Amino acid sequence: RVFVIAIPITIGAAIMPIMNMIDVAIVMRRLQAVGFTAETANGLYGQLTGMAGPIINFPQVLSMGIAMSLVPVVSDAFERKDYQFLRYNVESGVRVSMLIGLPCAFGIMALSEQIMLLLYPLQKASAVSAASSLSILAFGVIFLSLVQTLTGILQGLGKPAIPVRNLFIGGLLKILITFVLTGIYSINIKGAAIGTLVAYITATALNLYSVKKYTGARFNIQLTVIKPLISAIVMTGVVVLSFKALSGVTGSSASTGLAIILGALIYGLVLVAIKGITYDDLEMLPKGNKIARLLIKLKLISK
C-alpha cells in the first residue's frame, strides 16, 4: 500500500526532472536537424538546463514547502469531513502560492539578463543568450508554484494519481510543442522553454479543476489574483527604474542585487497597504509568524 501511494507522489514531486528528461530526448536532435552543429546545439541546451533552469528552482523550494505542509492538514480535514476547514486551507494555500509565484516570476522576467550576468560573469555571451529562455521559464514559475500546491492538496485528498495523470497530459503537449518549435531555426532552444511553460499551465488548469470538484473551494479572485498582481506590477516598475538609476553609480552586479532587495520590500509594503495579505497567509510562509507578529505590533495587519 505504501509503495502504491509513494509512486505517484514521487512522480508528482519530480516535475522539473521530468521536463528535463523530455528535453534531453528531443532538443539536441531537433537543433541539429535544422542546421546547428553538435557543439552549438550542446551550448544552447546548456544555456537552458544548466544556466536558466537552476534559477527557477529557488521559487520552487518555497512553493514545495507550502505543498508539503498542506498534505496532512487537508488529509485530516477530509477524513473528519470538516469541509469548511478543508476549503479554507485549500483556498489559503493557493493564495499563498500566488503570493510567492507572482513576484518571483515578474522579478526574474524584469531582470533576466542582469541576473544571468550576475551569476555567470565569465560567460557573458552565453548569459545574454540564455536570458530569453529564462524570461519564458520565469513566467512558468507562477504555474509551477500552483501545480505543486494543487498536487499537495490532491495528495491530501487521497487522489495522488490525478496530478500524475495531469502531468502526463502536460508532458505530451510539451513533447509536441518542443518538437515543433525547436525545429524552427529562429526559435531554437526557446521552443523547449515554451513547451515547459505550456506543460505547467496545462497541469495547473487540470489540477485546479480537480481540486474544485472534490473540495468545492471557491477562490476570491481579488485576494488570490488581483491584489498580488497589482503588487507585482508595482514591484516590477520599481525594480526596473531602480536598476537603471543605480547601474551608473554602483555597477551592474551591485545594482541588480540592490534592485532585487528593494523590489522585495516594495512588494511586501504594497501588499500590506492594499490589504492583499492576511495573518493566516503569513503563517503559512517560512518564518512568516515572526513577520506577522511584527506587522501586528505596527498595526499594519490584524489577527
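The values are calculated or read from the model by the stated rules, or taken from the named source; none is laboratory data. Note that the structure is predicted; figures quoted are calculated from it, not measured. Backbone-built Cβ (ideal geometry, glycine too); neighbour counts: all protein chains shown. Heavy atoms of the whole protein, side chains included, go into the accessibility calculation; ligands, DNA and RNA do not. Shrake-Rupley method; radii C 1.70, N 1.55, O 1.52, S 1.80 Å.
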- Between ALA264 and ASN42, what is the label-to-label distance in nm when each label sits 7 Å out along the Cα-to-Cβ direction? 3.7
- Query: Which aspartates and glutamates does LYS212 reach when only Cα atoms under 13 Å apart count, and residues fewer than 8 places away in its own chain are ignored?
  - Reply: GLU91
- Query: Can you list the residues of the stretch 189-219 with backbone N under 20 Å from a point 7 Å past the Cα of ARG29, pointing along Cα to Cβ?
  - Reply: 189-196
- Projected label distance in nm at ASN220 and SER253, using a 7 Å step from Cα toward the beta-carbon: 4.4
- Item | GNM result for the chain, Cα springs below 10 Å: residue of ALA127, ALA193, ALA33 fluctuating most strongly | ALA33
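Mind checking the dipole of the stretch 162-303: about its Cα centre, +1 per Lys or Arg Cβ, -1 per Asp or Glu Cβ, Debye to the nearest 20?
So the magnitude is around 380 debye.
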- Query: For the stretch 1-130, with every protein chain kept in place, what is the accessible area per residue (1.4 Å probe, Å²)?
  - Reply: 50
- How much accessible surface does SER253 have with a 1.4 Å probe, in Å² rounded to 10? 70
- Note on the structure: the stretch 115-217: relative contact order from alpha carbon pairs under 8 Å, six or more residues apart, as a whole percent, is 32
- Message: At 1.4 Å probe size, what's the solvent-accessible area of SER126? Round to the nearest 10 Å².
- Response: 40
- Message: Treating the stretch 148-303 as a set of equal point scatterers at the Cα positions, no solvent, please give the Debye-formula log₁₀ I(q)/I(0) at q = 0.08 Å⁻¹.
- Response: -0.38
- Item | Rg/Rg_globular for the chain, with Rg_globular taken as 2.2 N^0.38 Å and Rg from C-alpha atoms | 1.05
- Debye intensity ratio in log₁₀ form over the Cα atoms of the stretch 1-103, taken at each q of 0.10, 0.16, 0.20, 0.22 Å⁻¹: -0.47, -0.87, -1.07, -1.16
- Options ILE18, GLY65, GLY50, ranked by Cα towards positive dipole end of the stretch 6-81, top entry (Cβ charges): ILE18
- Task: Note the full-extension length gain between ASP280 and VAL2 as 0.36 nm times their separation in residues minus their Cα-Cα distance, in nm to one decimal.
- Result: 96.8 nm
- Task: Run the 1.4 Å probe and let me know the accessible area of THR37, rounded to the nearest 10 Å².
- Result: 80
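Mind ranking THR49, THR149 by accessible surface for me, highest first, 1.4 Å probe?
From most accessible down to least: THR49, THR149.
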- Item | Straight-distance crosslink candidates among aspartates and glutamates, where the alpha carbon sits under 14 Å from LYS174 and sequence neighbours closer than 8 are dropped | ASP23
